[in-house]
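Comments concern the structure below.
The values are calculated or read from the model by the stated rules, or taken from the named source; none is laboratory data. Here the structure is a predicted model, which is why all the values come from computation and not from measurement. Cβ placement follows ideal geometry from the backbone for every residue including glycine, while neighbour counts extend to all protein chains displayed.
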Amino acid sequence: MTDSLSYLPTCDLTAMKARAKMYQQIRQFFLERDVLEVETPILSHAGVTDVHLASVEASRHVHGHLKKHYLQTSPEFAMKRLLAAGVGPIYQICKVFRDDEHGRKHNSEFTMLEWYRPDLSLKELMFEVTDLLNVTLAHRFGEVRPTILSYKHAFIDRLDLNPLKSTLKELKDCCNRVGLNLDLGDDRLGYIDLLFSHMVEPSLGFDTPVFLTDFPPELASLAKTRVDEDGELVAARFELYIKGLELANAYDELIDADVLRSRFEADNAEREKLGLDVMPIDENLLAALPKMPECSGIALGIDRLLMVATEKMKLEQVITFPADRS
């Protein structure tokens, strides 16, 4: 039975106006920097292979033939094809979808700001993100001055443990010590993620916004890898945290098609092992990569940024109709 008030939005008019204002601020920000706003398809024949993401499937007819397509988890693949076509710096505000993600910080349909900057380093991209925060959050924080913290040192500071070097036994012992008594078998990365999500992430970005950098190489995803100051291999990426909330994820973008194909294939092998659907690989993306310029790219959750801007604790307070009311 439908609740008599379920037709109502879960956010108020003030939040709707704050969203409209933020869109105007973002568009003006990129207009002043000569970054082109683009639009790409929401549906694609290829889904994301990442084991930790679930695509929403949709069926549609193309030239009379029924095809299984996927709602985008990010506009990344299509935007990289535009970069390969030579369009230059680009951004997009769009809807993205991740199946069965719901909660205080999640909804299976949400709004993402994604942008790509050819010839811009990750450090320079941090400066640009900071400039954007100083436009969208100035009313709350005044001048925003994020700090930079490596993934490794975040672990060392909070758990006295280096996740890049720690053994499986050391990770299990640490989990037991802090009361995370889950048996994940031999899944070393699973224990790292468990410790991060419960013990490290909730503490980030309370004194000042934090750029968390240099992730374990297993978490490179679509980023390049590099060697850090201690000679350890790390993923060239950063995430932005404010008050324990992850707002953005950025990469020094991988443009080696052979390496990316091997990562996609490894993902699919792991998906098959876990009983998940094997996802079609985006051959158009792989064909485009050799033409793609060196660049940094970032995806930022607008709904979460609105939570920070409006001091809300739940995502439903800044969106009109979450999944259970859509």
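Would you mind telling me which numbered condition in (1) of a type in the set (S, T, Y); (2) assigned to a helix (DSSP H, G or I); (3) in contact with a strand residue (DSSP E or B) (Cβ under 6 Å, 6 or more places away or on another chain) Y116 fails? For Y116, the exception is condition (2).
When residues in the range 162-176 are screened for being charged (D, E, K, R) and exposed (fewer than 11 other Cβ atoms within 10 Å of the Cβ), 2 of them pass. Scanning the range 182-193 for residues that are surrounded by 12 or more Cβ atoms within 10 Å (Cβ to Cβ), of a type in the set (K, R), farther than 18 Å from R237 by Cα and at pLDDT below 95 turns up at least one hit. It is to be established whether one or more residues within the range 99-112 are among the small types (G, A, S) and under 26 Å from Q25 (Cβ atoms). No - not one qualifying residue is present in the range 99-112.
Every residue, every condition in (1) aliphatic (A, V, I, L, M); (2) within 28 Å of K314 (Cα to Cα); (3) in contact with a Phe, Trp or Tyr (Cβ under 8 Å, 6 or more places away or on another chain); (4) not in a helix (DSSP H, G or I), yes or no:
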{"site": "L8", "(1), (2), (3), (4)": "yes, yes, no, yes"}
{"site": "R27", "(1), (2), (3), (4)": "no, yes, no, no"}
{"site": "A46", "(1), (2), (3), (4)": "yes, no, yes, yes"}
{"site": "L53", "(1), (2), (3), (4)": "yes, yes, no, yes"}
{"site": "S59", "(1), (2), (3), (4)": "no, no, no, yes"}
{"site": "T73", "(1), (2), (3), (4)": "no, yes, yes, yes"}
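Scanning the range 180-227 for residues that are in a loop (DSSP other than H, G, I, E, B) and under 15 Å from the mean Cα position of the chain (by Cα) gives A220, S221, L222. Quick check: is even one residue across the range 141-152 among the basic types (K, R), part of a helix (DSSP H, G or I) and either touching a helix residue (DSSP H, G or I) at 6+ places or on another chain (Cβ under 7 Å) or surrounded by fewer than 20 Cβ atoms within 10 Å (Cβ to Cβ) (or both)? No, that holds for no residue. Residue pairs whose Cβ atoms lie under 6 Å apart, sitting 6 or more positions apart in sequence or on different chains, and linking a residue in the range 33-51 that is within 30 Å of D131 (Cβ to Cβ) and touching a residue at least 24 places away in the same chain (Cβ under 8 Å) to a partner that is surrounded by 17 or more Cβ atoms within 10 Å (Cβ to Cβ) and of a type in the set (S, T, N, Q), are V38/Q92; I42/Q72; V48/S55; V48/T73. Name every residue in the range 82-101 that is surrounded by fewer than 19 Cβ atoms within 10 Å (Cβ to Cβ) and in contact with a helix residue (DSSP H, G or I) (Cβ under 6 Å, 6 or more places away or on another chain), in order of residue number. The one that is surrounded by fewer than 19 Cβ atoms within 10 Å (Cβ to Cβ) and in contact with a helix residue (DSSP H, G or I) (Cβ under 6 Å, 6 or more places away or on another chain): A84.
Assessment of the range 248-257 against the conditions (among the aromatic types (F, W, Y), in a strand (DSSP E or B), in contact with a Pro (Cβ under 9 Å, 6 or more places away or on another chain) and modelled with pLDDT of 95 or more) yields no matching residue.
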